[in-house]
Amino acid sequence: MNRKVFAFNEKLDQYLMRPVAQAYVDVLPSFVRTGVHNFMGNLADVWTFVNAGLQLKGQAAAETFVRVAVNSTLGLYGVLDIATEAGIEKRKEDLGQTLGFWGVKPGPFVMLPVLGPATLRDTVALPVDWKASPSQYFQGPNTRTGMTLLNATEKRAGLLKASDTLKQASLDPYSFVRDGWLQKRENDVYDGNPPADFDYNDPDVFEQP
Amino acid sequence: MLNTLNLLSRRSLGLVLALSVLLLAPLAHAEDEAADAFIKRVSTETLDLVKADKTLRSGDTTRIMGMVDAKLMPHVNFRRMTALATGPAWRKATPEQQKRLQDEFKTLLVRTYSGALSQVSDQSVVVKPLRPGQDDKNLVVNTEVRGKGDPIQLDYRLEKTPGEGAGWLIYDLNVLGVWLIENYRTQFTKEVNAGGIDGLINSLAERNKANAGANATARKS
């Protein structure tokens, strides 16, 4: 099932998301795209602040709060990312990470239609993460849909050069994405240093001297 | 989908930086250098080199491969990397099969990621303080590549090898939270189960051949 969804997502990207993102890049000048990127990122920082707090990460929460405060005012509603320029680290925390922090295991891998790779834990957290996503700050269903599409296009546009890497790097793209994603989410939960469970001295692999 | 690509794109750039960071490693001669100092010194120097060399960023695979062989491979325990990616089947492979496997795996990595060299522009590398209590034979150096976009997590797993290389050999890379070896193990195991070691070697060779064709077409257009 996951593999079928993966194949569907690939087609969707090939025929819709990628061409739209390419057009976005071709039509809009770079400074406008950077502004959109920063604006969306600033709204996303609010949810990072909440989740850093829920994980009792005082410094991360405080710094992210300062980021939002500075960028929302001096940064003209987030269009300018002054905080990063000033060296205040941008982090990303979501509800899936918060659940992981409090001991919820990732569970099985799930390939979601359109949205892509996830764990079962993150899928459960998704409706709440969605409610806190940048597009939900706007009023009216049409505006929200528009902002959702803009956000997706903007993100895809930043990745146009990556499109072929998946096929080139792997023998089985689906396994490659699944294994990589599971590792990445553990890494997210442990802020970069998850407990190692891979055996680098596996006696079954190496010749005995 | 976006998540997949985001991971990949930043992985590519990260891996290329990781590889290129090592290009200057042969210049190292300090004998008792700490692992983090080793990574920090060569990182900065190498990034400057990549920034200054346009041909290096243009994606000429032959040229990049030549450089990897001459400057990078002496600082990587690539045999160990390939063995761990392959799994238990490695022990049963003949020396000839092991060599071909290493060659094809290296080609796959270099060719796949050399395109991302074009993304090197204004980045700098920040080496984080070493986590205490680590074993010299299995030591992780955490770094972060900072540039225009979001920072890229880039970690190295090293073993101390007095008298060999610059005193350290790298045997795994982590880009954005994904260790390279572990990420290939399942795929390699699947190929081995289906067609033995030769099956795996052939699959890698076919992939490399297809990539070579695709890259040539991309450069022409």
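Which FRET efficiency, nearest 0.05, do B:Arg79 and B:Ala37 yield, Cβ-Cβ r, R0 25 Å?
The value I calculate is 0.45.
Computed about the Cα centre, the dipole magnitude for the stretch B:36-84 is approximately 80 debye when only Lys and Arg (+1) and Asp and Glu (-1) carry charge, each at its Cβ. Counted residue by residue at 0.36 nm each, then reduced by the alpha carbon distance between them, the extension gain from A:Lys131 to A:Lys105 reaches 7.1 nm. What pairs in A:Lys155/A:Lys184; B:Lys54/B:Lys160; A:Lys11/A:Lys92; A:Lys105/A:Lys161; A:Lys11/A:Lys155 have C-alpha atoms more than 22 Å from each other? Among A:Lys155/A:Lys184; B:Lys54/B:Lys160; A:Lys11/A:Lys92; A:Lys105/A:Lys161; A:Lys11/A:Lys155, the Cα-Cα distance tops 22 Å for B:Lys54/B:Lys160; A:Lys11/A:Lys92; A:Lys105/A:Lys161. What you get for the protein assembly as shown, charging only the Cβ of Lys and Arg (+1) and of Asp and Glu (-1), is a dipole of about 1220 debye around the Cα centre. One decimal place: the segment B:Lys99-B:Asp198 gains 34.5 nm when fully extended, by the rule 0.36 nm per residue minus the C-alpha distance.
Full extension of the chain between B:Lys92 and B:Asp48 yields a length gain of 11.5 nm, computed as 0.36 nm times the residue separation minus the alpha carbon distance.
Longest stretch of chain A clear of exposed loop sites (GluC sites (Glu not before Pro), DSSP loop, at most 16 other Cβ atoms within 10 Å, sites excluded): A:90-206. Note on A:Leu150 and B:Ala70: their simple-model spin labels are 5.1 nm apart, each label 7 Å out from Cα toward Cβ. The charge dipole of chain A, taken about its Cα centre with unit charges on the Cβ atoms of Lys, Arg (+1), Asp and Glu (-1) only, comes to about 900 debye.
Comparing A:Val70, A:Val32, A:Val79 in a Gaussian network model of chain A (Cα springs below 10 Å), the most mobile by mean-square fluctuation is A:Val32.
Counting only whole DSSP H helices of chain A, the ones at least 20 Å long by C-alpha along their axis and with mean Kyte-Doolittle hydropathy no lower than -1.0 are A:30-54, A:58-73, A:141-157.
Ranking A:Phe138, A:Thr153, A:Leu171 by how far each Cα lies toward the positive end of the dipole of the stretch A:128-172 (charges on Cβ) leaves A:Phe138 at the top. Under a 10 Å cutoff between Cα atoms, tell me which one of A:Gln139, A:Gln55, A:Gln22 has the largest fluctuation in the Gaussian network model of chain A. Ranking A:Gln139, A:Gln55, A:Gln22 by mean-square fluctuation puts A:Gln139 first.
Every read-out reported here was derived from the displayed coordinates using simple, explicitly stated rules and does not represent laboratory data. What you see is a predicted model; the values in this text were computed from it and never measured. All Cβ positions, even for glycine, are placed from backbone atoms using ideal geometry, and neighbour counts span all protein chains on display.
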